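The structure appears right after this line, and notes come after that.
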Amino acid sequence: MLGAIAGDIIGSVFEFNNVKTTDFNLFNPGSTYTDDTVLTVAVADCIINGKDYAATFKEYGRRYPDAGYGGSFLRWLFSESTAPYNSYGNGSAMRVSPVGFAFQTLGDVLAEAERSAAATHNHPEGIKGARAAAAAIFLARQGRPKPEIKQYLQDQFAYDLDRTLDQIRPHYRFDETCQGSVPQAVIAFLESADYEDAVRKAISLGGDSDTIACITGGIAQAYYGMIPTLIAGTVRAILPPELLQVVDAFNRFAGISV
């Protein structure tokens with residue numbers, strides 16, 4: 001899951017200042033974690049400690065209220081309700097990476113991804129985006145080749161993964177939906193040569209840069225294995241100790257080396 005968090009932090013300065021190239025500094029003075037990281041850590045906490053998703057999202061969100069949440073989530077966060085609000089935003093997919101790493105069968109991954117999404121994003125597209133991202137991570141960590149991962153996602157989720165980044169990039173704009181973010185994030189992974197290249201390619205699309213890079217980064221970590229030392233070390237230095245503690249506990253739980 002550190003791969004997803006690194007994608008979020010690297011992409012954070014480009015969310016509203018898009019670049020359409022892979023040639024940029026990985027880290028800048030303004031690089032920081034956002035809601036993508038906070039809620040990814042919340043999902044990990046739920047998995048390792050058996051917590052309720054909705055209650056834990058509210059706990060983490062209220063602890064970090066200025067992390068850049070979307071308007072619908074923010075209203076839900078500070079309401080008295082724990083009922084989902086039928087969202088198909090990409091928040092369900094951006095936070096799901098721990099699910100793909102924690103479970104040992106594809107069926108369990110898909111079921112848990114749906115549970116994590118449905119706490120807020122119970123629209124069919126919101127659930128589909130989370131299931132697709134988690135499935136990609138599971139298949140990647142199983143060592144499945146990229147063509148097999150691509151085919152599975154196309155067959156099961158009807159995503160168009162035949163476009164290239166060069167075809168998408170010129171016309172791609174900010175899109176906070178799962179259907180407008182998850183396929184693009186997967187394509188960035190499919191075209192990549194290594195972890196860093198995957199994140200750079202994801203950010204080069206523009207749009208919701210931190211979230212696309214977060215989704216791509218989770219898949220890339222699962223597929224390529226170790227995250228470059230410079231990236232991992234910088235991310236660990238940026239994260240607050242209480243978030244890093246959960247990350248390390250989850251890595252031990254899931255047997256992940258970073």
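Derivation of every value follows stated rules applied to the coordinates shown; laboratory data play no part. Note that the structure is predicted; figures quoted are calculated from it, not measured. All Cβ positions, glycine included, derive from the backbone under ideal geometry; neighbour counts span all protein chains shown.
Kindly indicate the residue of segment 90-126 that is part of a loop (DSSP other than H, G, I, E, B) and among the hydrophobic types (A, V, I, L, M, F, W, C) and also surrounded by the fewest Cβ atoms within 10 Å (Cβ to Cβ) among those meeting that condition.
As a first pass, look at segment 90-126 and keep what is part of a loop (DSSP other than H, G, I, E, B): 90, 95-96, 103-105, 119-123.
So of that shortlist, the ones also among the hydrophobic types (A, V, I, L, M, F, W, C) come out as 96, 103, 119.
Details: VAL96: 32, PHE103: 19, ALA119: 21.
It comes out as PHE103.
In the condition set (1) closer than 16 Å to THR37 by Cβ; (2) surrounded by 16 or more Cβ atoms within 10 Å (Cβ to Cβ), SER87 is compliant with all but (1).
Between SER181, SER192, which is surrounded by 24 or more Cβ atoms within 10 Å (Cβ to Cβ) and either touching a helix residue (DSSP H, G or I) at 6+ places or on another chain (Cβ under 8 Å) or more than 14 Å from GLY129 (Cβ to Cβ) (or both)? Before the answer, list the steps.
Numbers: SER192 fails: surrounded by 24 or more Cβ atoms within 10 Å (Cβ to Cβ).
Checking each option against the conditions leaves just SER181.
Within segment 150-171, the residues that satisfy the criterion of being assigned to a loop (DSSP other than H, G, I, E, B) and in contact with a helix residue (DSSP H, G or I) (Cβ under 7 Å, 6 or more places away or on another chain) are TYR159, ASP160, LEU161, ARG163. The C-beta contact set for segment 70-88 (first residue over 17 Å from THR177 (Cβ atoms), second residue of a type in the set (Lys, Arg) and not in a loop (DSSP other than H, G, I, E, B), distance under 8 angstrom, 6+ apart or interchain) comprises LEU77/LYS58; LEU77/ARG62; PHE78/ARG62; THR82/LYS58.
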